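To keep things clear, I will list the structure first and then write my remarks on it.
The values are calculated or read from the model by the stated rules, or taken from the named source; none is laboratory data. Note that the structure is a prediction, hence the values are computed from the model and not measured. Counting neighbours? That spans all protein chains shown, and the Cβs are built from the backbone with ideal geometry, glycine included. Surface accessibility is based on the protein's heavy atoms, side chains included, excluding ligands, DNA and RNA. Shrake-Rupley method; radii C 1.70, N 1.55, O 1.52, S 1.80 Å.
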Amino acid sequence: KAGVTQTPRYLIKTRGQQVTLSCSPISGHRSVSWYQQTPGQGLQFLFEYFSETQRNKGNFPGRFSGRQFSNSRSEMNVSTLELGDSALYLCASSFRGGSTDTQYFGPGTRLTVL
Amino acid sequence: GENVEQHPSTLSVQEGDSAVIKCTYSDSASNYFPWYKQELGKRPQLIIDIRSNVGEKKDQRIAVTLNKTAKHFSLHITETQPEDSAVYFCVAKGGTYKYIFGTGTRLKVLA
């Protein structure tokens, strides 16, 4: 099976702009989670989607949003970008997101905000 | 709130020695504990996991132990090799649909 894929891999934006990142899960996986990784804060959970519904959300401002499509692909959007949004954004998929399901990560999108 | 503490933040060992990374979680409902290895510039990769009905699991040079009473779990790497150098993350997953990551341990294996 193909692994989790993310596009684009690199992105440079300026403050105030918005950005959309895409994640395609492993075939058959219906749960997609998003994480922000920064050197200072480690891996921070953003949100998780299952069957087009957001089931859980981390402690991020409303500028961060996401959605999931019927084919389980997911997008996340960040509006009004700030310098502090520069990070590696990782998505991960699992079969159902159940309590013992294993998550598999994509390669990430590195976002730089200037 | 849910929290996972991970120690140490950095660890240097001589090639061939053992390395131990320890984590403590707060959510008593946590029942799945995977460990991820992240090499520089790469995605986190699952290296081993343990479920709450098991106290210990071993896979070649890697082992994980779990003490549910104390809410502790640990990763043990024996006979370390230079390719073991990476950042290691412990994770606790419970009743909610999110993984709670530890802050990571940067392991350096010195040749």
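Key figures for this structure:
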| read-out | value |
| --- | --- |
| Sites B:SER12 and A:PHE69, calculated FRET efficiency, Cβ-Cβ separation with R0 45 Å, nearest 0.05 | 0.50 |
| Inverse mean reciprocal Cα-Cα distance (Kirkwood Rh) of chain A, Å | 13.9 Å |
| Candidate lysines for bridging to B:LYS58, where Cα separation is under 23 Å - those fewer than 8 sequence places away on the same chain excluded | B:LYS22, B:LYS37, B:LYS68, B:LYS71, B:LYS93, B:LYS108 |
| Positive minus negative residues near A:THR100 (Lys, Arg vs Asp, Glu; Cβ under 11 Å) | +1 |
| Whole-number percent relative contact order across region A:1-76, with pairs defined as alpha carbons under 8 Å at least 6 apart | 27 percent |
| Equivalent ellipsoid semi-axes - Cα gyration tensor, the protein assembly as shown, angstrom | 29, 20, 16 |
| Neighbour-limited loop hits for GluC sites (Glu not before Pro), region A:10-114 (at most 10 other Cβ within 10 Å; DSSP other than H, G, I, E, B) | none |
| In Å², nearest 10: area of A:PHE105 left accessible to a 1.4 Å probe | 10 Å² |
